[in-house]
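Chemist: Quick one: the structure is below, questions incoming.
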Amino acid sequence: MNKEQESSFILTKEVYERDFLPVYNLEKCRPKTFIEFEVALPFHIPMCIGRTVTLGSEQGYFSFRFDMVTTNKSYMYSLGEELPTLKVHKTKIHMMAAVDLEYETFVNDRERYNNDYFDLLLAELNNIVLSYMIAMKDDDCHYLTKEMLPATILVKSTNIETWENDMGLFMLHMHIPIEKEPLIEEDVQEVMRLQSVVVWDLNPFVSSEGFIYMAKRYFKQGFYLEAVNHAQTSVEILIRTLFEQLLKDEGKSDKEIEQKLEDTAFMPIIKNMMPSFLGGSWDVTKDATVVGKWYKNTYTLRNKATHRGRIPSFQEVDEAIFGAIEFRKFIVQRIKANKKKYPKLNEYFL
């Protein structure tokens, strides 16, 4: 690491004794190891540069020092010069943990402790972000997950007792931008074919397909709540569209179908109507089945996350998207199993 990178970390013996130690309650926690992470946020909190917020917890003392990075977006416009008005500010945060953990213990399992303390710091930072958003009514900010941050960041650990230290790189996620291969002619023709389908509304099931890709994109970007919502939305659109098409096949008028859709809640369609139309097991209480796993991992999680405002975990989102995709496959399989009964419906999924 070069000197410029190293100087971005602030901890020295003098700084620690002057700025940090007076804030700690050493009767509750006597720190032995100090860990610093440097992260650039995807938005700007206009806190004074150098402002440090310190919070005490059972795990130790967590501090957040605010800094700023500035870029100029003039290159996005054909201006030929940089304009000051196109400067974009982003917040850079030094997230620091002073913990009652022997430095030798930390070094022997560095990856685990870096992950554990980064997660704890990120949770506390989200509390600060939420407080700022509400106090300042700033809708440019949002909750943070690892996937929203750079794939690799700097981390420095310091032995507070001897002041030996170590600095290195810490990988947060694997989503590094890659160059896409150019489309071959066959792919271009497929895009053009589907464009006609979309423009002329030739397949009512296309829109639900788009939502599952939105869910995967949100997941990759770290927007966990939005990913779960879109995964479940893709299922609900598919089920509602399927129910509408099945009613049409029965000869119902547009007005009758509209009234039926308005009067029938989503889950009764799943539990009562789909089995009678398409057969198969639709019992949501059987956790081992595709339907049961979707109900538990996607539908129930979406309700908890949306109605209670809880941000799901990485693993929960992964299971929710997988559950939605598998349930969608199950629905298509049931349609194909009934292709003689509903030939027109089956054509949509060739």
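The values are calculated or read from the model by the stated rules, or taken from the named source; none is laboratory data. Please read all numbers here as calculations on a predicted model, not as lab measurements. Cβ sites come from the backbone with ideal geometry, for glycine too, and all protein chains shown count toward neighbours.
Chemist: Take the residues in the range 264-313 that are in contact with an Asp or Glu (Cβ under 8 Å, 6 or more places away or on another chain) and among the aromatic types (F, W, Y), then tell me which one is surrounded by the fewest Cβ atoms within 10 Å (Cβ to Cβ).
Modeler: Filtering the range 264-313 for residues that are in contact with an Asp or Glu (Cβ under 8 Å, 6 or more places away or on another chain) and among the aromatic types (F, W, Y), the one surrounded by the fewest Cβ atoms within 10 Å (Cβ to Cβ) comes out as F266.
Chemist: Might you let me know whether the range 8-23 holds any residue that is closer than 22 Å to T158 by Cβ, under 29 Å from the mean Cα position of the chain (by Cα) and surrounded by 12 or more Cβ atoms within 10 Å (Cβ to Cβ)?
Modeler: Among the residues of the range 8-23, at least one is closer than 22 Å to T158 by Cβ, under 29 Å from the mean Cα position of the chain (by Cα) and surrounded by 12 or more Cβ atoms within 10 Å (Cβ to Cβ), which makes the answer yes.
Chemist: Hey, can you tell me all the residues within the range 139-158 that are touching a residue at least 60 places away in the same chain (Cβ under 8 Å) and in a loop (DSSP other than H, G, I, E, B)?
Modeler: The answer is D140, C141, H142, Y143, L144, T145, L149, P150.
Chemist: In the range 63-76, which residue that is of a type outside the set (S, T, N, Q) and surrounded by 10 or more Cβ atoms within 10 Å (Cβ to Cβ) is farthest from N127 (Cα to Cα)?
Modeler: Y75
Chemist: Please count how many residues of the range 174-188 are surrounded by 11 or more Cβ atoms within 10 Å (Cβ to Cβ) and at pLDDT 95 or above.
Modeler: 3
Chemist: Return the residue satisfying two criteria in turn: it lies in the range 246-305 and is under 30 Å from the mean Cα position of the chain (by Cα) and of a type in the set (G, A, S), and of such residues it is farthest from L225 (Cα to Cα).
Modeler: Among residues in the range 246-305 that are under 30 Å from the mean Cα position of the chain (by Cα) and of a type in the set (G, A, S), the one farthest from L225 (Cα to Cα) is A288.
Chemist: Tally time: how many residues in the range 144-167 are surrounded by fewer than 17 Cβ atoms within 10 Å (Cβ to Cβ) and out of contact with any strand residue (DSSP E or B) (no Cβ under 6 Å at 6 or more places or on another chain)?
Modeler: Residues in the range 144-167 being surrounded by fewer than 17 Cβ atoms within 10 Å (Cβ to Cβ) and out of contact with any strand residue (DSSP E or B) (no Cβ under 6 Å at 6 or more places or on another chain): 6 in total.
Chemist: Another one. Determine whether T91 is under 26 Å from L169 (Cβ atoms), at pLDDT 95 or above and polar (S, T, N, Q). Break it down stepwise before answering.
Modeler: Numbers: under 26 Å from L169 (Cβ atoms): yes; at pLDDT 95 or above: yes; polar (S, T, N, Q): yes.
Taking the combined requirement at face value, the residue satisfies it.
Chemist: While we're here: Among the listed residues Y75, Y117, Y113, identify the single one that is farther than 30 Å from F170 by Cα and in the same structural domain as L26 (by TED's automatic domain parsing).
Modeler: None of the other options fit; the residue is Y75.
Chemist: Further, regarding this structure: What helices (runs of 4 or more DSSP H) completely inside the range 216-317 contain at least 2 residues that are modelled with pLDDT under 95 and more than 24 Å from N203 (Cβ to Cβ)? I'd like the intermediate steps shown before the answer.
Modeler: Values: elements: 224-249, 254-263, 274-278, 290-294, 300-308.
Ranges flagged: 300-308.
Chemist: Moving to a separate point now. Picking from V317, V290, V332, V284, which residue would you name as being touching a residue at least 24 places away in the same chain (Cβ under 8 Å) and over 24 Å from E147 (Cβ atoms)? Let's see the steps before the verdict.
Modeler: Numbers: V317 fails: over 24 Å from E147 (Cβ atoms); V332 fails: touching a residue at least 24 places away in the same chain (Cβ under 8 Å); V284 fails: touching a residue at least 24 places away in the same chain (Cβ under 8 Å).
The unique qualifying residue is V290.
Chemist: Given the structure, is K180 at positive phi, without any contact (Cβ under 8 Å) to a residue 12 or more places away in the chain and not hydrophobic (A, V, I, L, M, F, W, C)?
Modeler: Spelling it out, it is not the case that K180 is at positive phi, without any contact (Cβ under 8 Å) to a residue 12 or more places away in the chain and not hydrophobic (A, V, I, L, M, F, W, C).
Chemist: So, one more: Can you pull out the residues in the range 322-334 that are under 17 Å from the mean Cα position of the chain (by Cα) and surrounded by fewer than 23 Cβ atoms within 10 Å (Cβ to Cβ)? Step through it out loud before you land on a result.
Modeler: Initially, the range 322-334 is screened for residues under 17 Å from the mean Cα position of the chain (by Cα), giving 322-324.
Passing the criteria: only F322.
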